[in-house]
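Report on one structure; see the data block that follows.
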Amino acid sequence: MLELTAHIEVVPADLVLDTSLLEQVVAQVLRDEGQTGTWEIGIRITNDQELQELNRQYRGIDRPTDVLSFGEYEDDDDDFIVPDGVYDDDEFDDPEADEAAYLGDLAISYERVLTQAQEYAHSSRRELCYLVAHGSLHLLGYDHETDEEREDMRQREEKALQALGITREAEPYV
């Protein structure tokens, strides 16, 4: 059984989003990866300016980006969760313990969501869900430095979105 609590903050005051859908995306990613237990994640939907500042501060890259992932154990040599879903960190040997496992935080630029939705010819809702899935996979230890890693990540992202009916065909750009 999987239980997820997503703490979602939407910074643009006039932006109304279905935050329960974002929580469903994270939960689907976790289910697809064979995870169970109680989990928590923080998601902040903000703007290019804040993402640029975070990108500069944490990655040394002075430009906005679409999504940044901040895992609780990023400085550890061991992955929090290795790609086959096996726990590698001693603190998380029992994912069904009473205390929630903290997956990490995502920061997403809604301006990038709108731009990329148009660029990829699908809805902003789908783009936002895609970035949540993408960031969640980063928090689980996946990356896209090589072509093989990139393809593996894309398949996992699409699998989660497809399970929720969030496809390019179902959600064209309008």
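The values are calculated or read from the model by the stated rules, or taken from the named source; none is laboratory data. This one's a predicted model, so the numbers in the text were calculated from it and none came from an experiment. Heads up, the Cβs are rebuilt from the backbone with ideal geometry, glycines too, and the neighbour counts pull from every protein chain shown. Side chains are part of the model used for accessible areas, which takes the heavy atoms of the whole protein and leaves out ligands, DNA and RNA. Shrake-Rupley method; radii C 1.70, N 1.55, O 1.52, S 1.80 Å.
Is segment 92-106 home to any residue that is more than 17 Å from the chain's Cα centre (by Cα), modelled with pLDDT of 95 or more and either open to solvent by 50 Å² or more (accessible area, probe 1.4 Å) or basic (Lys, Arg) (or both)? Before the answer, list the steps.
Filtering segment 92-106 down to residues more than 17 Å from the chain's Cα centre (by Cα) leaves 92-100.
Subsequent filtering for residues that are modelled with pLDDT of 95 or more retains none.
Within segment 92-106 (the criterion being more than 17 Å from the chain's Cα centre (by Cα), modelled with pLDDT of 95 or more and either open to solvent by 50 Å² or more (accessible area, probe 1.4 Å) or basic (Lys, Arg) (or both)), the answer is no, since none of the residues qualifies.
Kindly indicate whether Val82 is modelled with pLDDT of 95 or more and surrounded by 14 or more Cβ atoms within 10 Å (Cβ to Cβ). Break it down stepwise before answering.
Values: modelled with pLDDT of 95 or more: no; surrounded by 14 or more Cβ atoms within 10 Å (Cβ to Cβ): yes.
In short, no.
Counting only residues that are more than 11 Å from the chain's Cα centre (by Cα), surrounded by 20 or more Cβ atoms within 10 Å (Cβ to Cβ) and touching a residue at least 40 places away in the same chain (Cβ under 8 Å), how many does segment 122-140 have?
2
Anything in segment 141-174 that is open to solvent by less than 50 Å² (accessible area, probe 1.4 Å), within 17 Å of Tyr120 (Cβ to Cβ) and assigned to a loop (DSSP other than H, G, I, E, B)? List them, or say none.
Ile166, Thr167, Glu171
Return the pair list, or none, for Cβ contacts closer than 7 Å from residues in segment 154-166 that are touching a residue at least 60 places away in the same chain (Cβ under 8 Å) to residues that are basic (Lys, Arg), at least 6 apart or on different chains.
These pairs meet every condition: Ile166/Arg126.
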